[in-house]
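Only the coordinates and a few stated rules stand behind these numbers; no lab work does. Here the structure is a predicted model, which means the values were calculated and not measured.
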Amino acid sequence: MTDQQLEIVEEPGLLRAIARGLGDTHFLVALAILVLTAAGWGVAVNVLKLVTEKLPVPWPAGVEVNDKYIMTSLPDKMGPFEFVSADGELDYDPKAQGFHKDGRPDGEGEVAPDVMELLGIGTASDERNLPLRRSNWLATRTYRDSRRGPGDPLRYWRLEVYYYTGGVDLVPHTPEICAVAGGAQWLGTTDMPVTIDGVAAPWGNTPLAFQRAMFQRTDMQGGAAGQFVQYYIFCLNGSPKSSRNEVRFALGSLFVKHAYFAKVQFAPLPAVQQQAGGPVFAVPDPAQADLAVADFVKYFMPCVLKTLPTPKDIDRLDAGAGGEKADS
């Protein structure tokens, strides 16, 4: 037996396995996990600075949220787009052959309590966090393009903003899920690059991949099928994100201390056109809507970004300038 053979035979089995494994990345990862487990999860959290609970991010100064968790700080005028403050301009009732009035501005979105529950906004945690300016909230408003006349399918635009903080939400609420639940057929989602001028990085001066989700739905009154489109993008801790999976991954990270995400969603609304056979709903053509998206985004997105914390705000919180324990 040679000296080399003798050395291999006499080497203890465990040491020999470790020596071979040191060159294997998977082995090293498994070994690290075993060591951390043996040391205890608490030790691992302290040594590696792991975060097991996300802390809520307060809203920026100037943002107001009412007791129904509706953010009310969006302006009524954004360039040529004006908030629909009239009562009886949008809510058309085909049976009555006229516009319905309910004493509220037509552009003011109303969300039913059961929908708020599904959205996860207005929970017991939000009730505690609202006075501290760090609860979840939403804003749903309709704006009129003052450059377009009555009956134009691109005259009215619906804008929705949803803000979540202080928890690890799986981001379930996207048009691909909600619209299908409402009876629509999802036809696919693609990236739609849009550049926003006049805003700071990481939002400005570079194309952002807004999501363009296409659907088809049957008009229950006329029996005619029509296509419609929804656009959206996420904001995670002040930075743009296109995929909800990106948001999910970051929220699940053990190295993210303070966390919030917002979903910004918008689309043109059907317009009532007066025709010989009577009023009809004119559904916006998706191709025409695509051409108008950049124009709408140019005016509304800077206003929305003012209501959301910036990456610098998150850095200050992580550095210790705030950061109360999140309510559960």
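Given H placed 1.01 Å from N in the peptide plane, which residues other than close sequence neighbours of Thr195 have an amide H under 5 Å from its amide H?
Leu208
Give me the distance between the Cα centres of the stretch 114-131 and the stretch 66-112, rounded to whole Å.
Rounded to whole Å, the Cα centres lie 23 Å apart.
Using the structure shown, select from Lys77/Lys257; Lys54/Lys77; Lys68/Lys263 the pairs with a Cα to Cα distance greater than 30 angstrom.
On the way: Lys77/Lys257 36 Å; Lys54/Lys77 35 Å; Lys68/Lys263 19 Å.
From Lys77/Lys257; Lys54/Lys77; Lys68/Lys263, over 30 Å: Lys77/Lys257; Lys54/Lys77.
Determine ³J(HN,Hα), in whole Hz, for all residues of the stretch 65-77 in sequence, where each value follows from phi through the Karplus function 6.51 cos²θ - 1.76 cosθ + 1.60 and θ = phi - 60°; x replaces Gly and Pro.
So the Karplus estimates, Gly and Pro as x, are 10, 7, 6, 9, 6, 9, 6, 10, 9, 5, x, 7, 9 Hz.
Expressed in nm², what is the orientationally averaged projection area of the convex hull enclosing the Cα positions of the stretch 67-205?
Working: hull surface 46.6 nm².
In nm², the orientation-averaged hull projection of the stretch 67-205 is 11.6.
Step through the residues of the stretch 116-130 one at a time and calculate ³J(HN,Hα) from phi using the Karplus curve (6.51 cos²θ - 1.76 cosθ + 1.60, θ = phi - 60°), rounding each to whole Hz and writing x for Gly and Pro.
Result, rounded to whole Hz: 4, 5, 5, 6, x, 10, x, 7, 4, 5, 5, 4, 6, 7, 4.
State the Kirkwood hydrodynamic radius of the stretch 77-140 in Å, one decimal place, computed from all pairs of distinct Cα atoms.
14.3 Å
Sticking to Cα atoms, compute the Rg of the stretch 77-318 to one decimal and its Dmax as the biggest Cα-Cα distance, whole number, in Å.
Rg, Dmax (Cα atoms, Å): 18.8, 63.
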